[in-house]
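Undergrad: Dropping the structure in here first, questions after.
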Amino acid sequence: MTDKIIVPLDVPSLESAIALVDKLPQVSFWKVGLELFTITGPAILELLKSRQKRIFLDLKFHDIPNTVAGACRAAAGYGVDLLTIHATCGRDCLQAAAEAVQIGAEKSGTKPPHLIAITLLTSISSRDLAFDLKIPLELPEFALQMALLAQNSGLSGAVCSPQEVAQLRDSCGQDFLLVCPGVRPSWAEKGDQKRSLSPAQAIQAGADYLVIGRPITAAADPVLAWERVCEEVNLVK
């Protein structure tokens, strides 16, 4: 079950990323986000691959179809396992991106990454959706519509909060990957995550992967925190 846990490398330098990977050698799946990739470029991906780690390249592409397709073709060449795009790019962009990762992987001789769509950032609440973004849908319905759009556009899966995962699993089926950030153990602070569940609850609801960051990486003892999360996940039957 511990291979379901993805730990974010949300650090400001290559040196601090290496230190964190060294501190948690048991972690097999790491997330590289926008900040670290902007700082290091592909060097961090090369480092992780040299250590036989799986990689979630979480750059959340959002632009016109031609631009996103070009970025996806390039990213597919890195040989990462997961790659993200915002579902709100629209159908044309999603379809172009899905095709581009296949082309990029074939050109570079790598396995295509699973392209997954961001349904709605977990920092956004129902109130934010209604009052700030002016979207006239209930939050769970909006997340579901974005996931279905991604599935119908040829994507492998979606990113959603743990609170939407059960509905998405029922509607999208067992073969559609669901990745849940915003997962917080009962002993950890929620921080800016507004739609959270515990690791065990998220897996029981149907999540394929859990992204768990600060409860582990910002803990006084990250190794102990990792072990506590693993214990909780391994209790799920």
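The values are calculated or read from the model by the stated rules, or taken from the named source; none is laboratory data. All of these numbers come straight from a predicted model, not from anything done at the bench. Here Cβ is always computed from backbone atoms with ideal geometry, including for glycine, and neighbour counts include all displayed protein chains. Protein only, heavy atoms only, side chains kept; ligands, DNA and RNA dropped before computing areas. Shrake-Rupley method; radii C 1.70, N 1.55, O 1.52, S 1.80 Å.
Undergrad: Does residue 141 count as farther than 30 Å from residue 99 by Cα, outside any loop (DSSP other than H, G, I, E, B), open to solvent by 50 Å² or more (accessible area, probe 1.4 Å) and modelled with pLDDT of 90 or more?
TA: Spelling it out, it is not the case that residue 141 is farther than 30 Å from residue 99 by Cα, outside any loop (DSSP other than H, G, I, E, B), open to solvent by 50 Å² or more (accessible area, probe 1.4 Å) and modelled with pLDDT of 90 or more.
Undergrad: To continue, here is another question. Would a scan of the range 211-232 turn up a residue that is closer than 18 Å to residue 118 by Cα and open to solvent by 30 Å² or more (accessible area, probe 1.4 Å)? Let's see the steps before the verdict.
TA: Of all residues in the range 211-232, those closer than 18 Å to residue 118 by Cα come to 211-213.
Going one step further and asking which of them are open to solvent by 30 Å² or more (accessible area, probe 1.4 Å), we end up with none.
Scanning the range 211-232 turns up no residue that is closer than 18 Å to residue 118 by Cα and open to solvent by 30 Å² or more (accessible area, probe 1.4 Å).
Undergrad: Could you check, for the range 162-176, whether at least one of its residues is under 23 Å from residue 10 (Cα atoms) and buried (at least 19 other Cβ atoms within 10 Å of the Cβ)?
TA: As a first pass, look at the range 162-176 and keep what is under 23 Å from residue 10 (Cα atoms): 162.
Going one step further and asking which of them are buried (at least 19 other Cβ atoms within 10 Å of the Cβ), we end up with 162.
Among the residues of the range 162-176, at least one is under 23 Å from residue 10 (Cα atoms) and buried (at least 19 other Cβ atoms within 10 Å of the Cβ), which makes the answer yes.
Undergrad: Taking residue 75 and the conditions (1) touching a Gly at 6+ places or on another chain (Cβ under 9 Å); (2) on the phi > 0 side of the Ramachandran plot, which numbered condition does it fall short on, given that it satisfies the others?
TA: Single failed check for residue 75: (2).
Undergrad: Tally up the residues in the range 108-128 that are open to solvent by less than 60 Å² (accessible area, probe 1.4 Å), among the small types (Gly, Ala, Ser) and within 21 Å of residue 69 (Cβ to Cβ), please.
TA: Narrowing the range 108-128 to residues open to solvent by less than 60 Å² (accessible area, probe 1.4 Å): 108, 110, 112-113, 115-120, 122-125, 128.
If we keep only those that are among the small types (Gly, Ala, Ser) as well, we get 108, 117, 123, 125.
From the residues that got through so far, the ones that are within 21 Å of residue 69 (Cβ to Cβ) too are 108, 117.
Residues that pass the stated criteria total 2.
Undergrad: If you check residue 72 against the conditions, is it touching a residue at least 40 places away in the same chain (Cβ under 8 Å), out of contact with any Cys (no Cβ under 9 Å at 6 or more places or on another chain) and assigned to a helix (DSSP H, G or I)? Step through it out loud before you land on a result.
TA: Values: touching a residue at least 40 places away in the same chain (Cβ under 8 Å): yes; out of contact with any Cys (no Cβ under 9 Å at 6 or more places or on another chain): yes; assigned to a helix (DSSP H, G or I): yes.
Criteria met by residue 72.
Undergrad: If you don't mind, there's one more thing I want to ask. What are the pairs, 6+ residues apart or on separate chains, where a residue within the range 210-231 that is closer than 18 Å to residue 4 by Cβ has its Cβ under 8 Å from a residue that is aromatic (Phe, Trp, Tyr) and surrounded by 22 or more Cβ atoms within 10 Å (Cβ to Cβ)?
TA: 211/56; 216/226
Undergrad: Another question about this same structure. Looking at the range 25-53, I want the residues that are closer than 18 Å to residue 77 by Cβ and aliphatic (A, V, I, L, M) and have a partner that is assigned to a helix (DSSP H, G or I) and open to solvent by less than 30 Å² (accessible area, probe 1.4 Å) with Cβ atoms under 7 Å, at least 6 apart or on another chain. Which pairs are those?
TA: 32/44; 32/45; 44/17; 44/36
Undergrad: Sticking with this one: Filter the range 1-22 down to the residues that are assigned to a helix (DSSP H, G or I), exposed (fewer than 14 other Cβ atoms within 10 Å of the Cβ) and in contact (Cβ under 8 Å) with a residue 12 or more places away in the chain and list them by number.
TA: Passing the criteria: only 3.
Undergrad: Take the range 24-69 and flag every residue that is farther than 20 Å from residue 94 by Cβ, open to solvent by 80 Å² or more (accessible area, probe 1.4 Å) and not in a loop (DSSP other than H, G, I, E, B).
TA: 35, 38, 39, 46, 49, 54 - these are the residues of the range 24-69 that are farther than 20 Å from residue 94 by Cβ, open to solvent by 80 Å² or more (accessible area, probe 1.4 Å) and not in a loop (DSSP other than H, G, I, E, B).
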